[in-house]
1. Quickly run through region 151-165 and pick out the residues that are surrounded by 12 or more Cβ atoms within 10 Å (Cβ to Cβ) and out of contact with any Pro (no Cβ under 8 Å at 6 or more places or on another chain).
2. Please count how many residues of region 88-124 are of a type in the set (G, A, S) and closer than 12 Å to V66 by Cα.
3. Going by what's in this entry, would A162 be described as over 21 Å from R12 (Cα atoms), without any contact (Cβ under 8 Å) to a residue 60 or more places away in the chain and of a type outside the set (S, T, Y)?
4. Given the criteria modelled with pLDDT under 80, in the same structural domain as P142 (by TED's automatic domain parsing), out of contact with any helix residue (DSSP H, G or I) (no Cβ under 6 Å at 6 or more places or on another chain) and surrounded by 14 or more Cβ atoms within 10 Å (Cβ to Cβ), does G14 qualify?
5. Which residue, of E186, E211, is within 60 Å of the chain's Cα centre (by Cα), assigned to a helix (DSSP H, G or I), surrounded by fewer than 13 Cβ atoms within 10 Å (Cβ to Cβ) and of a type outside the set (S, T, Y)?
6. Taking region 48-99 as the region of interest, how many residues are free of Cβ contacts under 8 Å to residues at least 60 places away in the same chain, surrounded by 14 or more Cβ atoms within 10 Å (Cβ to Cβ) and in a loop (DSSP other than H, G, I, E, B)?
7. Hey, I177 hits all of (1) surrounded by 12 or more Cβ atoms within 10 Å (Cβ to Cβ); (2) modelled with pLDDT of 85 or more; (3) among the β-branched types (V, I, T) but one; which does it fall short on?
8. Out of all the residues in region 136-150, is one or more loosely packed, with under 12 Cβ neighbours inside 10 Å, hydroxyl-bearing (S, T, Y) and either in the same structural domain as K53 (by TED's automatic domain parsing) or at pLDDT below 80 (or both)?
Amino acid sequence: MKALRAPATRGRWGEMQLRRALEMAGMLAHCDFVEQPTVTGDERLLRPDVVIKLAGGKNIVVDAKVPLEALLSAFESDDDDVREAGLRDFVRHVRDHMTKLSAKAYWQQFSPSPEFVVMFLPSESFYRYAVEQDPSLPEFGPRQRIILASPTTLISLLFAAAAGWREETLAESARQISERGRELYERLGTMGRHFGTLGSRLDRAVAAYNEAVASLESRVLPAARRFPELGVSSKDELPEIAPIERLTKPLTAVELTRLDLAPVDESADAA
């Protein structure tokens, strides 16, 4: 406990307890948090311990406070009066920290953020001693836009934040699924249009081929077959050319046969 009398040691210990609470709440898996970011406000450097990044760009600012000096003195003394005075000083330090933290107005610097800051006391016993000595603290905090939190309180708050994060993630996933579905449906319709156009072109190609075969058989081959009668010999006989009887299979799916997806009229385009 003597080591905690050093302010730097107390600060590091408080930050370790805060990180542990964040990990226990599962926030590492469900959101990002930035340790000790620094922003400038009113020509001051503002440096909270943690800004928890929630889905949707919102922030929750958490600042860890370890006002232990008076509390340690209280429990190291065997004198009841000294102990009571130390506990009163501890509560006064907690109140002072809440007032100073409120004056920093972190919610303005880390917008969008709820208009409060979480002041984290890194021990259940610290929170209990503070509230037992001054039962008005839970009411005093909200008036200062400060939420006084023990590890259990902070974990509960973060669980609620994580639940909101998951709900927002599900809503965003549903929105993206809907958007992707709409895009796929539209692309399916476009593909149906292309297939309809391709089938129409293939049918016209087959018709043109059959017309050419008919012309070849009715006008060209009869004249060509008279050459042997005139003494023109050939090793090979002229082949028979059969027309193509198959047609493309028309599209039948409703999604592919809507009026706005009908094959392109190339004659209109040419005109």
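1. Taking region 151-165 first, the residues surrounded by 12 or more Cβ atoms within 10 Å (Cβ to Cβ) are 151-159, 161-162, 164-165.
T152, T153, L154, I155, S156, L157, L158, F159, A161, A162, G164, W165 - these are the residues of region 151-165 that are surrounded by 12 or more Cβ atoms within 10 Å (Cβ to Cβ) and out of contact with any Pro (no Cβ under 8 Å at 6 or more places or on another chain).
2. At the first step, the residues of region 88-124 found to be of a type in the set (G, A, S) are 102-103, 105, 111, 113, 123.
Next cut, closer than 12 Å to V66 by Cα only: 123.
Number satisfying all stated conditions: 1.
3. Numbers: over 21 Å from R12 (Cα atoms): yes; without any contact (Cβ under 8 Å) to a residue 60 or more places away in the chain: no; of a type outside the set (S, T, Y): yes.
Considered against the rule, which asks whether it is over 21 Å from R12 (Cα atoms), without any contact (Cβ under 8 Å) to a residue 60 or more places away in the chain and of a type outside the set (S, T, Y), A162 comes out as no.
4. Numbers: modelled with pLDDT under 80: yes; in the same structural domain as P142 (by TED's automatic domain parsing): yes; out of contact with any helix residue (DSSP H, G or I) (no Cβ under 6 Å at 6 or more places or on another chain): yes; surrounded by 14 or more Cβ atoms within 10 Å (Cβ to Cβ): yes.
Yes; evaluated as a whole, the condition is true for this residue.
5. Numbers: E211 fails: within 60 Å of the chain's Cα centre (by Cα).
Checking each option against the conditions leaves just E186.
6. 4
7. With respect to (1) surrounded by 12 or more Cβ atoms within 10 Å (Cβ to Cβ); (2) modelled with pLDDT of 85 or more; (3) among the β-branched types (V, I, T), I177 is out only on (1).
8. Start the filter on region 136-150 by keeping residues that are loosely packed, with under 12 Cβ neighbours inside 10 Å, which leaves 136, 139, 142-143.
Then drop every residue that is not hydroxyl-bearing (S, T, Y), which leaves 136.
With either in the same structural domain as K53 (by TED's automatic domain parsing) or at pLDDT below 80 (or both) added as a condition, the list becomes 136.
The answer is yes, given that some residue of region 136-150 is loosely packed, with under 12 Cβ neighbours inside 10 Å, hydroxyl-bearing (S, T, Y) and either in the same structural domain as K53 (by TED's automatic domain parsing) or at pLDDT below 80 (or both).
The values are calculated or read from the model by the stated rules, or taken from the named source; none is laboratory data. This is a predicted model, so every value here is computed, not measured. Cβ: placed from backbone, ideal geometry, glycine included. Neighbour counts: every protein chain shown.
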